[in-house]
1. Return the aspartates and glutamates within reach of K31: Cα separation strictly under 15 angstrom, same-chain partners fewer than 8 residues apart disregarded; answer none if there are no such residues.
2. Using a cut-off of 14 Å between beta-carbons, work out the net charge of the residues near R23 (Lys and Arg +1, Asp and Glu -1, R23 not included).
3. Just to check, using Stokes-Einstein with a Kirkwood Rh over alpha carbon pairs, what's the diffusion coefficient of the stretch 55-103 at 20 °C and 1.002 mPa s in µm²/s?
4. Hey, for a label at N93 modelled as a point 7 Å past Cα toward Cβ, could you say which residues of the stretch 28-58 have their backbone N under 14 Å away?
5. Could you work out, for the stretch 16-103, what percent of all Cα-Cα pairs fall into each 10 Å distance bin, beginning at 0 Å and stopping at the bin that holds the largest distance?
Amino acid sequence: MGKFTPVRQVKNMRHAVDLFNNRKTLMQMLKEVFNGSYRMSFLSNMAVLLGVLYVLFPFDVITDLIPVLGWADDGFVIFLVVKRLQKETQRFNRSKAMGRRGF
């Protein structure tokens, strides 16, 4: 009998795929954030900042010296950042659409 992939796992992988497919939108959003013409939400700013800092600095909840568990917590943090950025790109697309309509 074949191995089945749980539906929840497929939905979670979709966040990363959507963000990869919208990489041009993500880059445009980041350029506008740095230019000051678009403001990301406070939650998104904090998620990206704290997520990057958590992955880069060696002080983790579970140390990276433990082979699998140390990398799993970093992977989970990266997953949360990707999920938040995917929602933020959707918000960016909605704001650009509203701007084109003149609202």
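Every read-out reported here was derived from the displayed coordinates using simple, explicitly stated rules and does not represent laboratory data. This one's a predicted model, so the numbers in the text were calculated from it and none came from an experiment. So basically every Cβ, Gly included, is an ideal-geometry build from the backbone, and we count neighbours across all protein chains shown.
1. In chain and number order, the partners are E88.
2. On the way: positive: K24, K31; negative: D18, E88.
Here the count lands on 0.
3. On the way: Rh = 13.0 Å.
In µm²/s, the coefficient rounds to 164.
4. Within reach of a label on N93, which here means backbone N under 14 Å from a point 7 Å along Cα→Cβ, the stretch 28-58 contributes 28-29.
5. 16, 41, 27, 13, 4, 0
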